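Here is the structure we will look at, set down as structure tokens.
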Amino acid sequence: MKIQDIIFLVILIAFLYKAKPNWFVGAGLVSFLISIPLFALHIFFTAERLVWYAAGFLFVAVIVNLYQMMRDK
């Protein structure tokens, strides 16, 4: 497990504590934006990881949003 994986898990846990879907979407978009220059510089491993992290953040945002919608019914 690399340092970037640990940072991702820490941020994910902190955002799960707050459970605000907007934060997950923002973190996913930031991850995508950071990965674009890394792909351009041919730093593929880190850029690919950031794309996976972005997908993870967006997936969790959907799950949290669905959970909140079900809870509010």
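Ignoring lysines fewer than eight residues from K2 along the same chain, none have Cα atoms less than 18 angstrom from its Cα. Short-range pairs are left out: with C-alpha atoms under 8 Å and at least six residues apart, the relative contact order of the chain is 36 percent. A 1.4 Å probe run over the protein chains yields, for the chain, 74 Å² of accessible area per residue, whole-number rounding. In straight Cα distance, which lysines are under 24 Å from K73, not counting same-chain residues fewer than 8 positions off? Reachable lysines: K18, K20.
Could you work out what % of the accessible surface of the chain is carbon and sulfur, using a 1.4 angstrom probe and leaving DNA, RNA and ligands out of the count?
Within the chain, the accessible surface is 76 percent carbon and sulfur.
Semi-axes of the equivalent ellipsoid of region 7-73 are 27, 11, 8 Å, computed as sqrt(5λ) over the eigenvalues of the C-alpha gyration tensor in descending order. Between D5 and M69, the contour length at 0.36 nm per residue exceeds the Cα-Cα span by 20.1 nm.
Dipole magnitude for the chain: computed about the Cα centre from +1 point charges on Lys and Arg Cβ and -1 point charges on Asp and Glu Cβ, it is near 220 debye.
The values are calculated or read from the model by the stated rules, or taken from the named source; none is laboratory data. Keep in mind it's a predicted model, so treat the numbers as computed, not measured. Every residue, glycine as well, gets a Cβ built from its backbone with ideal geometry; the counts of neighbours run over all protein chains shown. Surface areas here come from the heavy atoms of the whole protein model, side chains and all, with no ligands, DNA or RNA. Shrake-Rupley method; radii C 1.70, N 1.55, O 1.52, S 1.80 Å.
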